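Scroll down for the structure; my scribbles are underneath it.
Quick note: the coordinates plus some simple rules give every number you see, no bench work behind them. Computed from a predicted model, the values in this text were never measured in an experiment. Cβ: placed from backbone, ideal geometry, glycine included. Neighbour counts: every protein chain shown.
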Amino acid sequence: MGADGGWRIPASGGRWLVAAASLAVVAWTLALLPSGCQSPSASRTPDLPPGVLQVRPGGNAPAPQASPPSLAKDAPRRPPPPAQRPTVPASEPVIRVRVDTLGAGPVEFAHPSGWLWLKPSTVDQGVTLRSPVSVQAMPDGWRVVQASGQRDAERLELRPGGPLEIHPPRGAAAELQWRGGGWPGFATLVPLQGDGSAQVDLVFHVPMETYLPGVLAKELYKEWAPETYRAQAVAARSYAMCEHAWWQGRRHFDVVAGQASQAWVGATADPKSRDAVADTRGEYLVFDGRVVPAYYSSCCGGAAASATDAIRDGSWMDIAPLSVTDDRFIRAKNCCEKARTASWRVTLPADEFARRLNTWSRDEGRKDLGTLKSVRSISVAERNPAGRPTMYRIVDAGGRKALWGSEDLRYAINGGASGTRDALKSGYLTPRVERGSVVLEGRGHGHGAGMCQYGAETMAKAGRAHAEILRRYYPGATLESSPSSSVEAR
Ligand SMILES: [Zn+2]
């Protein structure tokens with residue numbers, strides 16, 4: 001946003017106005033396609049030069065047979081990372097957050113100003129429409145209703161197709177409204193390729209410092225200490241920066257709003273979250289001159305994991321701050337023992353346990369894990385220097401042995417779980433077979449790599465500052481501020 005200077009908040013009284021820069025184009029398009037008498041062929045305009053926006057009243061022409069835009073959804077496997085971790089950014093990055101994948105129906109946005117600005121991502125011009133606006137992807141464009149749900153609602157078609165941006169009016173302080181909540185930045189609807197289901201990804205583009213409060217507000221408990229919030233702000237900022245660098249040019253979002261990346265509630269008024277982000281503005285965790293992908297999880301159970309063991313998606317994590325290589329993580333008695341998830345237990349029938357493992361290894365193409373005929377015994381085969389199991393040895397009823405990585409085991413069990421009661425909170429287990437059941441005594445919650453949120457809170461309550469908390473959980477990393485971090489530089 002901002003590259004196009006031709007749009008503005010319309011004066012009141014206009015029925016609907018388009019951006020000044022696109023007026024001529026729209027007029028031309030309207031002349032070409034008079035409302036009410038389009039033939040299917042007239043609705044296709046293959047000769048248009050690129051960068052031309054079309055707005056056509058009506059929006060009820062038959063759908064042409066064009067192919068939908070092709071944009072890959074989640075790749076099944078994470079591609080290898082770029083060669084280098086990012087450096088501390090000179091300016092504030094814009095994070096692309098996928099909030100949801102929506103079905104084929106219309107999606108409604110609103111703005112308190114009464115106006116919204118819509119722009120196909122591939123062209124420079126946009127149109128200003130009356131809020132609320134509902135949009136629906138068509139094979140070669142977007143079916144749009146302005147003043148949706150109101151007496152003077154008006155249907156339009158917007159071309160070209162492909163990703164569509166929905167912006168608040170320029171200069172508006174209030175956020176976009178979607179599903180009753182406020183969402184900072186601007187939204188992009190990205191049609192997904194493939195199964196013909198006409199799904200679209202909803203991605204918000206949000207400046208880093210505006211994005212982060214909505215992460216903290218959901219990642220931490222309200223009563224937790226301000227220093228925990230500050231440590232979390234730096235970790236979340238550093239993590240998001242690395243994801244941003246990883247996915248640029250390769251995918252239409254950097255992070256998802258949820259456990260696969262980090263939680264995000266959109267806009268938040270929570271003062272503790274906002275203050276912690278402001279207090280640490282532009283602060284990144286750095287190791288070897290580059291930003292650390294600062295993974296964190298809820299509760300390490302008293303023994304941290306190395307990121308290379310716990311997170312299966314790349315090579316950036318093979319660095320000292322994310323590796324359990326000495327006894328720093330072993331002195332963790334007071335880390336998170338008070339957490340509700342410090343210890344727990346899941347019991348599964350041995351046959352069910354084997355069934356879930358077999359399903360997962362088959363689906364993942366892991367022939368090395370073989371097929372288990374129930375389970376005769378299970379034990380820890382390997383631990384990291386902190387004492388956290390990294391590998392389990394399973395012997396099946398036929399005497400066949402298999403070695404399972406702790407996180408593979410967790411994913412396999414949880415893939416077949418019916419809810420949280422029969423799912424594993426972590427891969428940190430003391431397992432045994434007892435009377436036909438596999439009993440899994442577990443510790444902690446999450447992958448256990450990087451900062452332990454409960455441990456950070458323990459330190460903060462003991463009076464430690466956020467820099468000290470981060471030093472404890474990312475040994476060897478330092479704090480560096482972005483040159484853009486000062487308010488004056490904005
Ligand atoms: Zn812990």
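Summary table
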{"quantity": "Dipole magnitude (debye, nearest 20) for segment 205-342, charges at Cβ of Lys, Arg, Asp, Glu", "calculated": "240"}
{"quantity": "Listed residue pairs exceeding 31 Å between alpha carbons, taken from 119/222; 338/373; 222/425; 272/425; 272/338", "calculated": "119/222; 338/373"}
{"quantity": "Cα-based shape type of segment 368-416, given that a ≥ b ≥ c are square roots of the gyration tensor eigenvalues and the cut on a/c is 1.5", "calculated": "oblate"}
{"quantity": "Cleavage-rule hits, trypsin sites (Lys or Arg not before Pro), segment 372-470, DSSP coil, Cβ neighbours within 10 Å at most 10", "calculated": "421, 435"}
{"quantity": "For 128, 101, 210, order by how many other beta-carbon atoms lie within 10 Å, fewest first", "calculated": "101, 210, 128"}
{"quantity": "Debye, to nearest 20: dipole size of segment 343-443, +1 on Lys, Arg Cβ, -1 on Asp, Glu Cβ", "calculated": "180"}
{"quantity": "Relative frequency of Cα-Cα separations exceeding 25 Å in segment 343-443, percent", "calculated": "9"}
{"quantity": "Listed residue (415, 385, 365) projecting farthest to the positive dipole end of segment 343-443, Cβ model", "calculated": "385"}
{"quantity": "Fraction in percent of alpha-carbon pairs per bin - 5 Å, segment 255-408", "calculated": "2, 7, 11, 15, 16, 17, 13, 8, 5, 4, 2, 0"}
{"quantity": "Charged-residue dipole, Cβ positions (Lys, Arg, Asp, Glu), segment 289-406 about Cα centre, Debye nearest 20", "calculated": "300"}
{"quantity": "Environment charge of residue 289, counting only residues whose C-beta is closer than 15 Å and scoring Lys/Arg +1, Asp/Glu -1", "calculated": "0"}
{"quantity": "270, 152, 309 arranged by Cβ crowding within 10 Å, fewest neighbours leading", "calculated": "152, 270, 309"}
{"quantity": "Ranked 287, 109, criterion: other C-beta atoms within 10 Å, fewest first", "calculated": "287, 109"}
{"quantity": "FRET efficiency for residue 345 and residue 90, using Cβ-Cβ distance with R0 set to 56 Å, rounded to 0.05", "calculated": "0.65"}
